[in-house]
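Worksheet: one structure, shown below.
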Amino acid sequence: MAKTVPLQVSQRSGIGRTALKAVRKTGRVPGVLYGKAKDKAVRSRPIEIDARKLAALLQSSTSENVLVDVEVTDPSGKKVDQHLALLVDVQHHPIKDYIIHIDLHEIAQDEILHAEVPVTSVGEPVGVKSGGGLLETMLRTIRVACLPRNLPELITVDVSHLEIGRSVHVRELVLPEGVTVTNPPELPVFSVFAPKEEVVATPATEVTQPEVIMEKKVDEAAPAPDAKGGKGGAKAGGKPEAKPAGKADAKSEGKK
């Protein structure tokens, strides 16, 4: 069950970005206490809390569902009033690790509240121990409805019986008395999956480039063919072909 812890806060007069920065410079955290007035109208009250005390409170809690007994004081330290509240939102600086703002919601002892409760597993699943499976957390928190005195800090689930391919669903959760879960009953909370097979990368097939046959170039020094299909003669602008030496010698010898 959620424990109630005391928390002293002071009324804050300044609002706006400049006022919030001034509060943080003094080592305090700005916040808002949301409550109900006597006429049931929702109201909000600016407050501020000592940063070190707030950090110690959160570190000692196993859950974000912190029931606090809030004592509100004026700037001089005089007690103004007291409320039972639930710490519902803690904002951290996006880069630096410190709290920049909190929200508290006043509740009544007989009022049903709705909250997110973290879920954790215990035991080693059979499918993990003997089958090499993997345990996966499907839901890290569940939504519950209950009275403040019944609010659990944590829901513990025994997963030792899970085999590969099996799950623990919302409908199977064992909840404390007076606690109702509001998530769909068929949702899995924890599941055991078969081990993933290692995929071995196969080397890519080498692509063979096609052979390129180059066209044989025409010898530029060779004579061009003449009109009759022979090699270039006088008509083509070249020198006339020499006559065979044998015939010329025969004529000259006959004259003699």
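Condition check: open to solvent by 70 Å² or more (accessible area, probe 1.4 Å) and either farther than 23 Å from Val90 by Cβ or aromatic (Phe, Trp, Tyr) (or both). Does Glu136 satisfy that? In short, yes. Annotation: of all residues in the range 74-101 being of a type in the set (Val, Ile, Thr) and at pLDDT below 90, the one that is surrounded by the fewest Cβ atoms within 10 Å (Cβ to Cβ) is Ile95. Candidates are the residues of the range 1-18 that are open to solvent by 20 Å² or more (accessible area, probe 1.4 Å) and more than 17 Å from Asp103 (Cα to Cα); the one that is modelled with the lowest pLDDT is Met1. Within the range 111-164, the set of residues being within 27 Å of the chain's Cα centre (by Cα) and among the basic types (Lys, Arg) comprises Arg140, Arg143. Among residues that are out of contact with any Ser or Thr (no Cβ under 9 Å at 6 or more places or on another chain) and modelled with pLDDT of 85 or more, Glu71 is included.
Criterion applied to Val170, Val159, Val181 was being touching a strand residue (DSSP E or B) at 6+ places or on another chain (Cβ under 7 Å), over 26 Å from Gly127 (Cα atoms) and without any contact (Cβ under 8 Å) to a residue 60 or more places away in the chain, and the one residue passing it is Val181.
Scanning the range 158-202 for residues that are in contact with a Gly (Cβ under 9 Å, 6 or more places away or on another chain) and either within 30 Å of Ala108 (Cα to Cα) or open to solvent by 80 Å² or more (accessible area, probe 1.4 Å) (or both) gives Asp158, His161, Glu163, Arg166, Phe193.
The values are calculated or read from the model by the stated rules, or taken from the named source; none is laboratory data. Bear in mind the structure is a predicted one, so any value in this text is a computation, not a measurement. Note that each Cβ is placed from the backbone with ideal geometry, even for glycine, and that neighbours are counted across all protein chains shown. Areas reflect the complete protein model, heavy atoms only, side chains present, ligands, DNA and RNA absent. Shrake-Rupley method; radii C 1.70, N 1.55, O 1.52, S 1.80 Å.
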